[in-house]
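A short write-up of the structure that comes next.
The values are calculated or read from the model by the stated rules, or taken from the named source; none is laboratory data. Only a predicted model underlies this, so the values are computations on that prediction, with no experimental measurement involved. Please note: Cβ atoms are built from the backbone with ideal geometry, for glycine as well, and neighbour counts cover all protein chains shown.
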Protein chains: 2
Amino acid sequence: MKLKVFADRGSQPSRAVLIFCKANGIEFEEVQIQLAKGEHKSPEYEAINPMKQVPAIEVDGKFRLFESHAILRFLATAFPGIAEHWYPADVFKRAQIDSALDWHHSTIRRGSVGVVLNTTLAPLFGQPLDPQAAAEAEKLLSASLAKIESFWLKGDGPFLLGNSEPSIADLRLVCEIMQLELVDEKLQKRILDPYAKVRKWVEDTRKAIQPHFDEIHVAFFQMKEMIKKALAGAGSGETKTG
Amino acid sequence: MKLKVFADRGSQPSRAVLIFCKANGIEFEEVQIQLAKGEHKSPEYEAINPMKQVPAIEVDGKFRLFESHAILRFLATAFPGIAEHWYPADVFKRAQIDSALDWHHSTIRRGSVGVVLNTTLAPLFGQPLDPQAAAEAEKLLSASLAKIESFWLKGDGPFLLGNSEPSIADLRLVCEIMQLELVDEKLQKRILDPYAKVRKWVEDTRKAIQPHFDEIHVAFFQMKEMIKKALAGAGSGETKTG
């Protein structure tokens, strides 16, 4: 199958899909859709993904798919030779990974996007920072990290559900948590420091998927520096009030 | 397999799971977890679902699973004889249903919960109504319904993705949209009236899964009447300001 991945390495779900392909030797063409330039809103890209988001994939020039969790499930089952630990065929094991992925949407994902946007990125999109929305998102994110610590990581192995090797849920959730690199260091520490098991799991997941994890994150860390400079230049002091 | 379903028929994801079991002749014991009485917060239920939400399932007294999408995927693949249309084995067809389910989390689901809570149910939980949160949720919900109309229902068949029979995505999303029955009739009309294809699809899905769809919704419509009375009694006028 001929695979195209439409992605922006600054986007956490994009990175998860790119890392999965690299880690599993899936050949693909990466088509960069630069969110900062609004390329996801072009008519050409809307024909690929009507939701105007990244990532999306195209297979053999005809089958198109969006939503990173659906893409990861598809890649893990449609391509030959993918190691079983990513998304096991066993219905009980697979169901638990699906449960973690579904849980993620309204917890870690919603919290992290809310924190990063409302404390940091909003001025880049011409919006004011929103401390109240940021505080609500931080509360949700912290409660969700506590659940990872107390429930999802309670087993013997280093990965979610006590597994000894990472699944697509570990990869996807860890890419989401990496996005907190974009917020100010003090805030990042306040959010992550209470959760030692979470921090170890992020590091274990990163190490288990090397060199691909770091390779795909290089552009993200470059973007982080560019964002810092852009925000310093823009004077990011404007804040939404009441 | 011996299946227990922990559910509240007032909860839209609970109803989707119950209807799926009934429609597919899966034998199960329904354990009612009454949200209004706070039964989902009991230590006994926390042992079943640490996230303290419904629905959850237990199989053979040991395997436990939460998150309605994960439960629907599991039931459709772990039980024998489930008709293919619910969750096809074909990786391409399955991926598109996964895509619809994943898309749902941050669109229809988030919008409908926000509208119903902030326009109607909040006083029952001792919270003020929040017109700003309600307006934001309505905007998201309307934009998402427009996407169902223009994209998910653009095919030839009456169901999502142009299918001729319903999938677990049709069932789950339609149960979510049914929750709008709880809001005042004028608001419900304002939200749904612009989307004729959506309204037809809701009705087609309901008809395709009879008598089970209506049977499971009886308790929901009874609850609707009780909520109306409770809100009238409580004097639901309090509104959050700035």
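Just a few scattered comments:
Okay, residues lined up against (1) closer than 29 Å to A:Ala56 by Cβ; (2) facing chain A (nearest Cβ under 10 Å); (3) among the hydroxyl-bearing types (Ser, Thr, Tyr):
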site	(1), (2), (3)
B:Pro43	no, no, no
B:Pro88	yes, no, no
B:Ile97	yes, yes, no
B:Arg110	yes, yes, no
B:Gly114	yes, no, no
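- Test: residue in segment A:65-86 that is touching a Lys or Arg at 6+ places or on another chain (Cβ under 7 Å) and surrounded by fewer than 23 Cβ atoms within 10 Å (Cβ to Cβ): no
- Unmet requirement for A:Gly126, which otherwise passes all of (1) crowded, with 17+ Cβ neighbours inside 10 Å; (2) more than 13 Å from chain B (Cβ to nearest Cβ): (1)
- Hits in segment B:1-35 (condition: touching a residue at least 40 places away in the same chain (Cβ under 8 Å) and in a helix (DSSP H, G or I)): B:Gln12, B:Pro13, B:Ser14, B:Arg15, B:Ala16, B:Val17, B:Leu18, B:Ile19, B:Phe20, B:Cys21, B:Lys22, B:Ala23
- Residue within segment B:160-177 that is free of Cβ contacts under 8 Å to residues at least 60 places away in the same chain, over 27 Å from B:Leu231 (Cα atoms), within 14 Å of another protein chain (Cβ to nearest Cβ) and of a type in the set (A, V, I, L, M, F, W, C) present: no
- Where A:Lys52 falls short, out of the listed (1) over 13 Å from the mean Cα position of the chain (by Cα); (2) under 13 Å from B:Ser99 (Cβ atoms): (2)
- Restricting segment B:87-109 to residues that are in contact with a helix residue (DSSP H, G or I) (Cβ under 7 Å, 6 or more places away or on another chain) and small (Gly, Ala, Ser) leaves a set whose member that is surrounded by the fewest Cβ atoms within 10 Å (Cβ to Cβ) is B:Ser106.
- Within segment B:202-220, at least one residue is surrounded by 14 or more Cβ atoms within 10 Å (Cβ to Cβ) and over 17 Å from B:Leu18 (Cβ atoms).
- In the condition set (1) out of contact with any helix residue (DSSP H, G or I) (no Cβ under 9 Å at 6 or more places or on another chain); (2) over 22 Å from B:Val54 (Cβ atoms), A:Leu72 is compliant with all but (1).
- Criterion: outside the structural domain of A:Ala230 (by TED's automatic domain parsing) and hydrophobic (A, V, I, L, M, F, W, C) - qualifying residue of A:Val183, A:Val202, A:Val218, A:Val174: A:Val218
- The set of residues in segment B:61-75 being over 13 Å from B:Tyr87 (Cβ atoms) and at the interface with chain A (Cβ under 7 Å from one of its Cβ atoms) consists of B:Phe63, B:Leu65, B:Phe66, B:Glu67.
- Only one of A:Glu44, A:Glu58 that is touching a Phe, Trp or Tyr at 6+ places or on another chain (Cβ under 9 Å), over 19 Å from A:Arg206 (Cα atoms) and either surrounded by fewer than 23 Cβ atoms within 10 Å (Cβ to Cβ) or not assigned by TED's automatic domain parsing to the domain that holds A:Thr205 (or both): A:Glu58
- Candidates A:Lys147, A:Lys154, A:Lys139: the one that is under 17 Å from A:Leu117 (Cα atoms) and either among the basic types (Lys, Arg) or assigned to a loop (DSSP other than H, G, I, E, B) (or both) is A:Lys139.
- Test for B:His104: is it touching a residue at least 12 places away in the same chain (Cβ under 8 Å), under 16 Å from the mean Cα position of the chain (by Cα) and within 8 Å of chain A (Cβ to nearest Cβ): no
- Search result, residues across segment B:61-101 that are assigned by TED's automatic domain parsing to the domain that holds B:Ser167, without any contact (Cβ under 8 Å) to a residue 40 or more places away in the chain and among the polar types (S, T, N, Q): B:Ser99
- For segment A:104-131, a residue qualifies if it is under 18 Å from A:Met178 (Cα atoms) and of a type in the set (A, V, I, L, M, F, W, C), and the qualifying residues are A:Ile108, A:Val113, A:Val115, A:Val116, A:Leu117, A:Leu121.
- Residue match in segment A:130-153 (condition: surrounded by fewer than 16 Cβ atoms within 10 Å (Cβ to Cβ) and touching a residue at least 60 places away in the same chain (Cβ under 8 Å)): yes
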